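Student: First the structure, then my questions, so here it is.
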Amino acid sequence: MNDHYLEKDLEDAILRDLEGFLLELGAGFSFIARQKRIQIDGDDFYIDLLFYNRQLKQLVAIDLKIGRFKAHYKGQMELYLRWLDQHKRQPGEEPPLGIILCAENRKEQIELLQLDDAGIHVTEYLTVLPEREVLYTRLQRAIDEAQKKYALKESN
């Protein structure tokens, strides 16, 4: 993608390559909706992408953002997740999960907002692939962090 694009352009690019995007998300994801319209107090809101994960047994809302993470994105995602929990969650399912996909995360803000406790995760997307060594380093760091989180969950 070029340097100047809109959230809709990002969404279009993902949907053009939906199979690859689903594989990047991980096993068990099923596509449910694009621009899922929800009404709250007569106002319309739109969840950019909505998935269901069969293994996790939960809905996964993805909010696409251009640019870096901003703290107020948490409130928007919490609204979506609470609506999904109240209106779309089926018996036996886990509470919905939210992913905010942005060009740059802000680690300190994310940590202070305690997003993990709210079932919200923030991740970055790349508009241009970095050099091979940088990509390898980032992937290895992500794998190491995931393994540490998994190990902590297993020990509890």
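The values are calculated or read from the model by the stated rules, or taken from the named source; none is laboratory data. Note that the coordinates shown come from a computational prediction; the quantities given were computed from them, not determined experimentally. Cβ sites come from the backbone with ideal geometry, for glycine too, and all protein chains shown count toward neighbours. Each accessible area value is taken on the protein alone, full model and side chains, heavy atoms only, with ligands, DNA and RNA left out. Shrake-Rupley method; radii C 1.70, N 1.55, O 1.52, S 1.80 Å.
Student: Residues with amide H under 5 Å of VAL122's amide H, sequence separation 5 or more or different chain, H placed in the peptide plane at 1.01 Å from N; which?
Tutor: Excluding prolines and chain starts, which carry no amide H, the hits are ILE100.
Student: Taking all protein chains together and a probe of 1.4 Å, list TYR136, TYR46 from the most accessible to the least accessible. Show your work: numbers first, answer last.
Tutor: On the way: TYR136 145, TYR46 95 Å².
The most accessible residue leads, giving TYR136, TYR46.
Student: Cut-off 10 angstrom, C-alpha nodes, Gaussian network model of the chain. Which of LEU97, LEU81, LEU22 fluctuates the most?
Tutor: It is LEU22.
Student: Rolling a 1.4 angstrom probe over the protein chains, ignoring ligands and nucleic acids, what is the accessible area of HIS72 in square angstrom, nearest 10?
Tutor: 120
Student: While we're looking at this one, here's another question. How many Å² of accessible area per residue for the range 1-89, probe 1.4 Å?
Tutor: 60
Student: Report the charge-dipole magnitude of the range 23-115 in Debye, nearest 20, computed about the Cα centre from +1 at each Lys and Arg Cβ and -1 at each Asp and Glu Cβ. Numbers along the way, then the final one.
Tutor: Details: 14 positive and 13 negative charges, 30 e Å.
The calculation lands at about 140 debye.
Student: If you consider only alpha-carbon coordinates, what radius of gyration and Dmax does the chain have, in Å?
Tutor: Cα radius of gyration and Dmax of the chain are 16.0, 50 Å respectively.
Student: Further, regarding this structure: Kirkwood hydrodynamic radius of the range 10-98 from all distinct Cα pairs, in Å?
Tutor: It works out to 13.8 Å.
Student: About the Cα centre, and with charges only on the beta carbon of Lys, Arg (+1) and Asp, Glu (-1), how big is the dipole of the chain? Nearest 20 debye, please.
Tutor: Values: 22 positive and 28 negative charges, 62 e Å.
Once rounded to the nearest 20, the dipole reads 300 debye.
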